[in-house]
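Before any comments, here is the structure.
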Amino acid sequence: MPTSMPDIANHTTAQTEGKLDWVGMSNIEMPMMIASKDETERMVSAHIDAFVNLNEPKAKGIHMSRLYLLLDNLASEGTLNYAALVHLLDNFIVSHHELSDKAKVQFSFDYHLRRQSLVSGKLGWKAYPVTIIGYLNQQQLTVELALNVNYSSTCPCSAALARQLIQQAFNDKFQAAEQLTIDNVHQWLGTTEGIVATPHSQRSVAEVKVKLNADTTDFPIKMLVDLIEGALKTPVQAAVKREDEQEFARLNGQNLMFCEDAARRLQHQMNLATEFDDFWLKINHLESLHAHDAVSITTKGIEHGYQP
């Protein structure tokens, strides 16, 4: 008769006794069906971290295969929405009832959205890095959604300096002119001599994390992207024709902002949203003038909430 296989985790004790905050697996790769509000369910390639605490100081370890198989079942037969995430965390703890009373899971993936161009109406795909995190701590549940949005920021100081140089160039060109006409000025403004300087702008990143409330069913990924891009006005584009590029230049010129301006714009809109119990945001302007980045961080500012 075949002998039973040894189960070291079940039948041996720890070499050194002690409780551990988290034990599990990181960077598990699985396809996962995601339910996003107002979007059809779609498959993404997710990287997953799965953990429980080890509350029994004498136990050798947890049963990692149990966590993996629960994730595999969700990936193979289910859809990741709010309820499924809660059920998964419950099962993490049930599968380790003698060892654990806390569970954590994190799903990281790129979520693609069809985005329309500014003027031409062309459509293109944009990828948004998304992270969904669930914590269950002695029946206290926290579900978070985090994502990044790229946009363009144009420096107000640089714009003022560029305007001054254009004024100076205008004065040098026309101060001695005997007759100044609208046609002359119009033609000159269309030359490189006329626009002698341009303000510097840079690709920028808004990192946003929100705590979802219990009324959530499907994850509000598109809603959060729309909120962020609507507040900042200059998101990077997908499909672009010349008229779209011109409109993008206009939007940059009409939305000059330091990192502080961008943070306050977004903070204001986040405070108006009712879908989130709390938020944390970080604005990163990846400077084209300096070798360092300009950064602003803020939160909703509620008691016992996110800290900067």
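The values are calculated or read from the model by the stated rules, or taken from the named source; none is laboratory data. Note that this is a predicted model, so its numbers are computed, not measured. Note that we place each Cβ from the backbone using ideal geometry, even for glycine, and neighbour counts take in every protein chain shown.
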### Task
Report whether or not residue 48 is touching an Asp or Glu at 6+ places or on another chain (Cβ under 9 Å) and β-branched (Val, Ile, Thr).
yes
## Note on the structure
In the set 226, 172, the lone residue that is under 26 Å from residue 262 (Cα atoms) and surrounded by fewer than 17 Cβ atoms within 10 Å (Cβ to Cβ) is 226
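Given the residues 74, 89, 67, 85, which is the only one that is within 22 Å of the chain's Cα centre (by Cα), part of a helix (DSSP H, G or I), modelled with pLDDT of 95 or more and surrounded by 18 or more Cβ atoms within 10 Å (Cβ to Cβ)?
85
Does residue 109 satisfy being crowded, with 19+ Cβ neighbours inside 10 Å, touching a residue at least 60 places away in the same chain (Cβ under 8 Å) and at negative phi?
Yes, satisfied.
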### Summary
Conditions (1) aliphatic (A, V, I, L, M); (2) in the same structural domain as residue 69 (by TED's automatic domain parsing); (3) surrounded by fewer than 17 Cβ atoms within 10 Å (Cβ to Cβ) -> residue 185 fails only (2)
### Query
residue 117: surrounded by fewer than 19 Cβ atoms within 10 Å (Cβ to Cβ), under 30 Å from residue 234 (Cα atoms), modelled with pLDDT of 95 or more and of a type in the set (Ser, Thr, Tyr), yes or no?
no
#### Entry: Neighbours by Cβ (under 6 Å, 6+ apart or cross-chain): first from the stretch 115-126, farther than 17 Å from residue 246 by Cβ and of a type in the set (Gly, Ala, Ser); second at pLDDT 95 or above and in a loop (DSSP other than H, G, I, E, B)
124/238; 124/239
### Task
Considering (1) part of a helix (DSSP H, G or I); (2) in contact (Cβ under 8 Å) with a residue 40 or more places away in the chain; (3) over 26 Å from residue 195 (Cα atoms), say which one residue 103 fails and leave the rest.
(1)
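Could you list, in sequence order, the residues of the stretch 127-140 that are among the polar types (S, T, N, Q), in a strand (DSSP E or B) and touching a residue at least 24 places away in the same chain (Cβ under 8 Å)?
131, 137
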### Message
Restricting to the stretch 273-295, count the residues that are free of Cβ contacts under 8 Å to residues at least 60 places away in the same chain and either more than 21 Å from residue 224 (Cβ to Cβ) or crowded, with 19+ Cβ neighbours inside 10 Å (or both).
### Response
5
#### Entry: Flag for residue 265 being surrounded by fewer than 17 Cβ atoms within 10 Å (Cβ to Cβ) and either at pLDDT 95 or above or more than 30 Å from residue 79 (Cα to Cα) (or both)
no
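Any chance the stretch 42-52 includes a residue that's more than 19 Å from the chain's Cα centre (by Cα) and charged (D, E, K, R)?
Here is the first cut: in the stretch 42-52, the ones more than 19 Å from the chain's Cα centre (by Cα) are 50-52.
Keeping just the survivors that are charged (D, E, K, R) gives none.
Checking the stretch 42-52: not a single residue is more than 19 Å from the chain's Cα centre (by Cα) and charged (D, E, K, R).
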### Message
Checking the conditions here, which among 102, 126 is farther than 21 Å from residue 228 by Cβ and among the charged types (D, E, K, R)?
### Response
102
### Query
Has the stretch 124-133 got at least one residue that is out of contact with any Cys (no Cβ under 6 Å at 6 or more places or on another chain), outside the structural domain of residue 267 (by TED's automatic domain parsing), modelled with pLDDT of 95 or more and of a type in the set (D, E, K, R)?
no
### Subset tally (residues that are touching a residue at least 24 places away in the same chain (Cβ under 8 Å) and touching a helix residue (DSSP H, G or I) at 6+ places or on another chain (Cβ under 6 Å)) for the stretch 154-182
1
